[in-house]
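All remarks here apply to the structure that follows.
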Amino acid sequence: MFLALRELRFARGRFALMGTVIALISVLVVLLSGLSSGLVNDGVSGLKAMPATAFAFDEGTMKDNAFSRSVIDDEQLKTWQNANDVAAAEPMGVNIVNGVTDDGTQIDLTLFGVEPDGFLSPAVSTGEQLGAVAGIIVSEPLRDEGVELGTVVILDRLDLELTVIGFTEGQATFGHVDVAYLPIDTWRLMAAGLAEPGAPTPDQIDEMDFGYASVVAILTEEGANIDFATIDVTAETTTMTLTEAFNASPGYEAETLTLSMIQFFLYAICALVVGAFFMVWTIQRSHDIAVLRAMGASSRYLVRDSLTQAAILLVGFTVVGVAAGIGMGAAMPDAMPFDLEFEPIAIASGLTILLGMLGATIAVLRITRIDPLRALGGQR
């Protein structure tokens, strides 16, 4: 490492310039990771919080925005409830609505109709558990918009009045819209077109005959290796695992693929820039390397020394860039879907260093082809 450290001190201007580029790439990597995590949470945090193993959609439903397109009936639901290795199967209704609170604030909500005593019923941070036919549990961030316990939300066109009885534990969104959980029977009352202006009543629910929902939420037995495709044939459904179902939310796949492509090119740029720098640096000091070879230094020693130099540069300035990126991320406005999560940032930073080292390795292998005779002027 003697030679590597000596060159870092001697050519500190060049290495500082290269390090600045690495740090800027690291800042972009952190910001893209935070934006990607933020978009995922803002798009499907309501689904991520669910303990469901999979969701069954009506057969033939287009995967894009499938939650809103799918319609399943009671027969399909019963098929899944009676299937082997299925611990529970419940109906779930999904639709996005506009509404206004009793103080005149306009809000958008994604309604999740679930069984009040089922496994999809959300845990609450404050308020009551789901139960009352006119009660809804809403996403925690709606507090910032002035929504409180007891706030009445009046849905557009239906004039249906729903009262906030609780808040979820943390963010719950779907399609970048805050989620409101309500009893599945109340959701069916709306879907059937039987909802009357005002608060829904148990009598309206009792008179309703509407055995439909959007999807079947499936919870499998622990450790079970269930064959979803076989049951799909009988139930005439199409099943997606919980993670696969994220792509069925509005815009999720397009957003994540776009950010993944940007990150891919950023990693490629890092490898190319670092590789180009060390290629030029190796060419510039070819004569010095030839002298060391003539003095008995092995190619393995010189390659190891150069890679150590690259590692010091990459690790040091990546840490600086990550710290700067985290600082910038913490200052992001609340309106921007941005979440700093350790795992994505650690993976992105590790890939930046790994690909940078790959580029440097390809560049410094040129050392093995430098002829010691150059030190004696054999090629002058």
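The values are calculated or read from the model by the stated rules, or taken from the named source; none is laboratory data. Everything numeric here is computed off the predicted structure, so don't read it as measured data. So basically every Cβ, Gly included, is an ideal-geometry build from the backbone, and we count neighbours across all protein chains shown. For the accessible areas, the whole protein counts, side chains as well, though only heavy atoms, and no ligand, DNA or RNA atoms are used. Shrake-Rupley method; radii C 1.70, N 1.55, O 1.52, S 1.80 Å.
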I'd like the residue in segment 41-72 that is over 15 Å from THR173 (Cβ atoms), in contact (Cβ under 8 Å) with a residue 60 or more places away in the chain and aliphatic (A, V, I, L, M) and, out of all such residues, is surrounded by the fewest Cβ atoms within 10 Å (Cβ to Cβ). VAL71
If we scan segment 85-96, do we find a residue that is in contact with a helix residue (DSSP H, G or I) (Cβ under 8 Å, 6 or more places away or on another chain), modelled with pLDDT under 95 and among the acidic types (Asp, Glu)? no
Of the residues that make up segment 17-40, is at least one open to solvent by 40 Å² or more (accessible area, probe 1.4 Å), part of a helix (DSSP H, G or I) and closer than 30 Å to ASP108 by Cβ? yes
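Conditions (1) closer than 23 Å to TYR181 by Cα; (2) acidic (Asp, Glu); (3) in the same structural domain as ILE231 (by the TED database), marked per residue:
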{"position": "ALA49", "(1), (2), (3)": "yes, no, no"}
{"position": "PHE55", "(1), (2), (3)": "yes, no, no"}
{"position": "ASN65", "(1), (2), (3)": "yes, no, yes"}
{"position": "SER68", "(1), (2), (3)": "yes, no, yes"}
{"position": "VAL71", "(1), (2), (3)": "yes, no, yes"}
{"position": "LEU77", "(1), (2), (3)": "yes, no, yes"}
{"position": "ASN82", "(1), (2), (3)": "no, no, yes"}
{"position": "ASP85", "(1), (2), (3)": "no, yes, yes"}
{"position": "ALA88", "(1), (2), (3)": "yes, no, yes"}
The helices (runs of 4 or more DSSP H) lying entirely within segment 228-325 that contain at least 2 residues which are closer than 24 Å to LEU355 by Cα and either open to solvent by less than 30 Å² (accessible area, probe 1.4 Å) or modelled with pLDDT under 85 (or both) are 252-284
Within segment 59-106, restricting to residues that are among the small types (Gly, Ala, Ser) and under 23 Å from MET190 (Cβ atoms), the one that is nearest to the chain's Cα centre (by Cα) is ALA66
Determine which single condition LEU194 fails, assuming it passes every other condition in (1) touching a helix residue (DSSP H, G or I) at 6+ places or on another chain (Cβ under 9 Å); (2) assigned to a loop (DSSP other than H, G, I, E, B); (3) under 24 Å from ASN82 (Cβ atoms). (3)
Any idea which of GLY211, GLY150, GLY175 is of a type outside the set (Val, Ile, Thr) and closer than 21 Å to ASP74 by Cα? GLY211
